[in-house]
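Each remark here refers to the structure printed beneath this line.
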Amino acid sequence: MTIDININGKALTLDADPDMPLLWAIRDLAGMTGTKFGCGKALCGACTVHVDGQPVLSCAYPVSAAAGKAVTTIEGLSADGNHPVQVAWRELNVPQCGYCQPGQIMAAVALLDKNPTPTDEDIDNAMSGNICRCGTYTRIRAAIHKAAGVKS
Amino acid sequence: MNDAIKGIRLVTRREFIRNTGLAGGGLILAAHFSGCSTDQELPGGDFAPNVYVNLLESGDVEIVCHRSEMGQGIRTSVLQVIADEMEADWDRVKLLQATGDAKYGDQNTDGSTSIRKQFDLLRNAGAVARHMLVLAAAEVWGVPASECIGQNHAVHHAASGRSLGYGELAGQAATLSLPEKVEFKSPEDYRYIGKPMDTVDGMAFTVGSAAFGIDTVLPGMLYASIERCPVVGGTLVSVDDTATRAIAGVVDVIQLGDGTSPPVFNPLGGVAVLASNTWSAQKGREALNIKWDLGANASYDSDAYREQLESSVHNEGSVVLSRGDVDAALSGAAKTLEATYYAPHLSQAPMEPPAAVARINADGTCEVWACTQDPQTAQGVVAGALGIEPAQVTINVTLLGGAFGRKSKPDFIAEAALLAKKAGKPVKVTWTREDDIRHGYFHSVSAQYLRGSIDADGKVTAWHQRTAFPSINSTFGPSDGPGGGELGLGCIDNPYAIENMKIESCKAAAHVRIGWLRSVSNVYHAFAASSFADELAHLAGRDAKDFLLELIGPDRHVNPADSGAEYDNYGHDIAEHPIDTARLKGVLAEAAKMADWGRTLPAGHGLGIAVHRSFLGYVATAAEVSVSDTGELKVEELWTAVDAGTVVNPDRVRAQMEGAGIFGMSLAMHGQITAKAGAIVQGNFNSYRVIRMSEAPKAINVHIIPSQAKPCGVGEPGVPPVAPAICNAIFAATGKRVRELPLRNVKLA
Ligand code: FES
Ligand code: FES
C-alpha cells in the first residue's frame, strides 16, 4: 500500500507493506542509511529515530504507524551537523566505530528535550536501551552533560 | 655537478608554451641563477612517490589509508604519521581509503598490528615525499639540499630566505628518482604524532553520512537474507519455498549449497531469499520450509563439552614449557594450591552485523563493497568462489561498524558475490543479529588447570599450568588442540620469576567454527593466570599488588625459549621487543597508584588488580566492585595504565582502553555462547548480553606511560586484565573466589 510520510521535512509517498518496520522503509525505500540496524528486536537502540518528536525504535515500529507523521532521522537533526548534541559528541570524540552513534545521538537529543539537565542516573535510565559494543558509554555520559550545559 | 650548473635546467616545450603563451620550437635552455628569483617556472603535475601519498599540483595531498577503520581510529592515525613525516599541513591533506591490493603490503587489520608493525612503513611514506621535495627545491635554487628543509607544506632555504610550496614543487619532485634511504624526523619535531588529533570521520559519524558495509546501495540491487544450517557441517536435504515466493517483494530463492570441511573462510551454504528490500527478504526467509541433515556436530553440547575439557586438563598433556622440577617443588612445599578455571565460547557481536554488496560486471569481473578487516583475503576468497582471478575482484573497503575479529573472515562477502552471480544483479547480503550470533567464528571455550606452591616465606616455588581449548587452526584443517601461536598468547609467555615452571597443552576438538576475538587466547589465559596469582597471594597472606610485583620479580627480559618453549612474540624479534618485567611492573604500580590501592573501602566493596602483556603492549587494570547482600555485582570504577611505547594518538589509545574496559566487562559479566544439539542457543542481545550504559562504571580512568620505545599493539591489550581484575576485586569484597566466566552464572551471595 502507499503510505504518506514526512521524513526530515520532506513529504514522501512510500509503497510499502504496512507491517514493514519504519527502519527498513527509511533505509531501503527512502534511501537514507544514517539510521542503523543492530538487532531488529528493539534490543539495541541503533535504529532510534524521532516520530513527532518522540524517540522510537524504528525496527519495531511499523511504517504504517508513522503515516501522516513527521519522522526525524540523524540526517535531519540539524542542517549543518551543529545540534549541540552533535557538537558535544565531536568535541569529546565520542564515536569509535561510529555505528551505534546515530541511535545514541537521537536518544540523547530526546532525553535532553524532556530533561534539559539530566543526572548520571537520568542518563543511565534513558540511554540503557542503546548498546555501544565499542564501549563509549563514559564519553556519552560526559557529552550529554556537556550538551546540557550549552543548551539554553 | 657543481652548484652553478645545478641552477641551469631544461624547460620543456609544455612549460615554455604555458609560461610564454608562445609555441616556440623544441627545447630551450634556460638558466636560473640561484638567488635571482623566487618565481621559478616549474614543471607542473602531481607527485606520487609511493602508493600512500599523492601530492597534487594544487598543493592538496591525498593520503591513502590501506588499513580498515573499525573504531580504533586508524584512519586518523595513518594520516597523522604520514602527514607528520611529510611535514604536510593538516588542513591540506585528504584521506582516501585503499581497495584490497597487494601493492599496499599487509592490509590485514588484525592482531593490533597497524602501528606496531607498520609505523616505520608509514613514516617512510611521508619522509620519502618530504625528502624528494627538498631535493627538488634544492635543484631549482641550485643550493645544497642540506641547506633546505621541508616544513609545514613548503621547502625553505634559510640562507636566502626563499621558500617554495609543496604544490609548486610537485612536478619537479616527480622527475627525481626515489632515494635509497631517508631520515625520519626526530620525535621532538613531531607535529601530529603523539597529539590527540580529532577523528577524521567525526563529522560523518555524527550526521549519519558515514558509510558502513551495510549502507552500500547500488542501482537495481537486490537484498538477500540467508537461512543457514543450524549446525556447522550440516547439509541441505530439501527446501519448499512456495510460501516464500508468495510474499510481496520476494524476487528469487537461491540455494547456496553446503559449507566446506574444514570451514576456512567459505560460506556456510544454505538458502537465500532475494527481495526488493531487506524486510521482504527476511520475511520470505522465515516462510521457507527447509529440511537439514544436521551432520556429526549435532551431538555438540557445551555442558558435556565442559566436562570433557576439564577432564582433559586434569590429565597430562604435551609439555610446551618446562624449567626446574615442578613436582619436587610441590611435594616439598609449605603450602600448595590447585584450581581449575573455565571460560565459555564468545561471539564478537560487532554492532554492524556482517554485510556486503557485490556486483558482477559485464566482463565477468566482480566489484565488492564490504566491511572487511582483510580486503586482500576477501579478494582471494571471492575469486575462489567465483572461479576468477583475484585481480578480477575489486574490494572496496567501507567503514566497519565494529569488528573485533569477526570481519577478518570474508565468508559473508563470498555469499554476496555468489548471489550476485546467480541472480545476475547486484546483491546486498545483510546478516541478522541472530545470524551473527549463531553462525559466527567463535572465541574458544577453554579450561585451565593450575597448581602452585609457596615456601615458608610466602615465595612461589612452583607453577604448573595446563591449558585446553579448541584451536583456530581447526577452522583451516585437522586440529585436536591448542596451536603453537595461541599458546604464545598469555600462556608460555608467563613473566613470573618462578624457579620451577611447567606448562602443558591438552587436547580439545572443535565442533563450531573457531575464530579470533579481540585479544584471542589472552582472554582466558590472563583470566586463569592473573586469578591464580591472586589466589597464591591470599595463600601467602600477602597484599595482592605487592605479591604480584614480587612474583614478576627483578627487572629483566624474559625469554620463554630459555625454558624450552617455542614462542613467536607476535611475529617480532624478542631482542627488539622483549618481555620486559620493568615495564610490566611499571604499569602495575601505576594502576595501583591511580586506584589509591590500599585505601579503606565501603562495606561490600573490593579492589582487584591484574597486569598482562599482549601484542607487545603492557596493561594493568584495577577494578573496584561492590557486591550487595543479595549478590548483585556492580563494577564501580576502573583504572588502567598502559605502556604501548610510542603512541600516535593518545586520545584514541585512551578510547581503546575505555572500550576494552567495557568489552572486558561484557565477557566477564555476561558473555557466553552455548550449544545444544550442535546449535547455538543464544540469538540476540537479550540472550547474548553485553554491557549497557546502566552497568558502565562511573569512570574508566586511563594513564598512558610516556615512552619513546617502539610502538606496541593497542586495540587488544586492554582486554585481558579486565576480567581477572574484576574477579580479584570480588574476592576482596566477599571472600568468594570466581573460577568461571561469565559472572552471571556465579552466585555471589
Ligand atoms: S535495531 Fe532497533 S533496537 Fe536494535
Ligand atoms: S561506537 Fe562502535 S558500537 Fe558504539
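The values are calculated or read from the model by the stated rules, or taken from the named source; none is laboratory data. All values derive from a computational prediction rather than experimental measurement. All Cβ positions, even for glycine, are placed from backbone atoms using ideal geometry, and neighbour counts span all protein chains on display. Remember, those area values only see protein heavy atoms, side chains included, never the ligands or the DNA or RNA. Shrake-Rupley method; radii C 1.70, N 1.55, O 1.52, S 1.80 Å.
Cross-link reach is defined here as a Cα-Cα straight distance under 16 Å, omitting same-chain residues fewer than 8 places apart; for A:Lys36 the lysines meeting it are B:Lys428. For the pair B:Ser238 and B:Asp480, the difference between a 0.36 nm per residue extended length and the Cα-Cα distance amounts to 83.8 nm. In a reduced charge model with +1 at each Lys and Arg Cβ and -1 at each Asp and Glu Cβ, the stretch B:664-741 shows a dipole moment near 160 debye about its Cα centre.
Helix B:411-423 axis versus longest C-alpha principal axis of chain B: approximately 70°, rounded to the nearest ten. Counts of other chain beta carbons within 10 angstrom of each beta carbon in peptide A:120-130 average 3.
Across all C-alpha atoms in chain A, the radius of gyration and Dmax reach 15.0, 45 Å. The HN-Hα couplings worked out from phi for the stretch B:450-457 by the Karplus form 6.51 cos²θ - 1.76 cosθ + 1.60 (θ = phi - 60°) are 10, 9, x, 9, 10, 8, 4, 8 Hz, whole numbers, x standing for Gly and Pro. Heavy-atom accessible area, probed at 1.4 angstrom with all protein chains present, ranks B:Met203, B:Met132 as B:Met203, B:Met132, highest first. Highest GNM mean-square fluctuation among A:Val71, A:Val87, A:Val109, for chain A modelled with Cα contacts below 10 Å: A:Val87. Under the rule a/c < 1.5 gives rounded, and otherwise a/b versus b/c splits prolate from oblate, where does chain B land using the Cα gyration tensor? Taking the square roots of the gyration eigenvalues as a ≥ b ≥ c, chain B is oblate.
Extension gain, B:Lys422 to B:Val319: 0.36 nm times the residue separation minus the Cα-Cα distance gives 32.0 nm. Distance from the alpha carbon centroid of the stretch A:93-136 to that of the stretch B:277-324 works out to 36 angstrom. Ordered from largest to smallest accessible area (heavy atoms of protein chains, 1.4 Å probe), the residues A:Trp24, B:Trp597 come out as B:Trp597, A:Trp24.
A cut-off under 14 angstrom between Cβ atoms defines the neighbours of B:Ala540, and their net charge, with Lys, Arg +1 and Asp, Glu -1, is -3.
Measuring nothing but how far apart in sequence close Cα pairs (under 8 Å, 6+ apart) lie, relative to its length, chain B scores a relative contact order of 13 percent.
Candidate cross-link partners of A:Lys146 among the lysines, defined by an alpha-carbon separation under 22 Å and a same-chain spacing of 8 or more, comprise A:Lys114, B:Lys698. Using 0.36 nm per residue, how much length does the chain from A:Gln54 to A:Asp80 gain when fully extended, once their Cα-Cα distance is taken away? Extra length from A:Gln54 to A:Asp80 when fully extended: 7.2 nm. Taking a cut-off of 15 Å, what percent of all Cα-Cα pairs in the stretch A:2-77 are separated by more than that? The answer is 44 percent, as a whole percent. A crude spin-label estimate for the pair B:Asp363 and B:Asp327, with each label 7 Å from Cα along the Cβ direction, gives 6.9 nm. Our summary of shape: the Cα atoms of the protein assembly as shown have principal axis extents of 94, 74, 62 Å, ordered from largest down, in whole angstrom. Partner shielding of A:18-29 amounts to 4, given as the average count of beta-carbon atoms from other chains within 10 Å of each residue beta-carbon.
Listed peptides B:257-263, B:289-295, B:719-725 appear in the order B:719-725, B:257-263, B:289-295 once ranked by packing, highest mean of other Cβ atoms within 10 Å at the front. Compared with the dominant principal axis of the Cα atoms in chain B, helix B:650-669 is inclined by about 20°. Three principal axis extents of the stretch B:508-567 based on alpha-carbon atoms, in descending order, are 43, 27, 21 Å. Computed on the Cα trace of the stretch A:84-151, the radius of gyration divided by the Kirkwood hydrodynamic radius gives Rg/Rh = 0.91.
Net charge in the neighbourhood of A:Arg141 (other residues with Cβ under 9 Å of its Cβ; Lys, Arg +1, Asp, Glu -1) is 0. Most tightly packed first, judged by the mean number of other beta-carbon atoms within 10 Å of their residues, the peptides B:91-101, A:115-125, B:341-351 read B:341-351, B:91-101, A:115-125. Rounded to the nearest 10 degrees, the inclination of helix B:114-141 to the longest alpha-carbon principal axis of chain B is 10 degrees.
Which FRET efficiency value, to the nearest 0.05, is calculated for B:Arg542 and B:Gln308 with the Förster distance at 35 angstrom and r the Cβ-Cβ distance? So, using R0 = 35 Å, E works out to roughly 0.45. Between the listed residues B:Gly233, B:Pro179, B:Leu164, the Cα displaced farthest toward the positive end of the dipole of chain B, a dipole computed from Cβ unit charges relative to the Cα centre, is found at B:Gly233.
Report the FRET efficiency, 1/(1 + (r/R0)^6), for B:Glu188 and B:Asp573, where r is their Cβ-Cβ distance and R0 is 30 Å, rounded to 0.05. That pair, B:Glu188 with B:Asp573, gives E of 0.65. B:Ser186 exposes around 40 Å² of accessible area when a 1.4 Å probe is run over every protein chain in place. Simple rule: put +1 on each Lys or Arg Cβ and -1 on each Asp or Glu Cβ in chain B, find the dipole, and look at B:His703, B:Gly718, B:Leu517; the Cα lying farthest toward the positive end is B:Leu517. The stretch B:518-579 and the stretch B:439-517 have Cα centres spaced 13 Å apart.
Considering only C-alpha atoms, what is the centroid distance from the stretch B:213-244 to the stretch B:85-99, in Å? Taking the Cα centre of each part, the stretch B:213-244 and the stretch B:85-99 sit 40 Å apart. Within 10 Å of the Cβ of each residue in B:268-281, the mean number of Cβ atoms contributed by other protein chains is 3.
Note that the stretch A:27-113 shows a convex hull volume over its alpha carbon atoms of 101 Å³ per residue. Over 22 Å between Cα atoms, which of B:Lys181/B:Lys710; B:Lys291/B:Lys676; B:Lys117/B:Lys181; B:Lys409/B:Lys507 qualify? The pairs that break the limit, which is 22 Å between Cα atoms, are B:Lys409/B:Lys507. Of the residues B:Arg739, B:Arg692, the one with the largest accessible area comes first in the ranking B:Arg739, B:Arg692, computed with a 1.4 Å probe on protein heavy atoms. Dipole magnitude for chain B: computed about the Cα centre from +1 point charges on Lys and Arg Cβ and -1 point charges on Asp and Glu Cβ, it is near 1060 debye.
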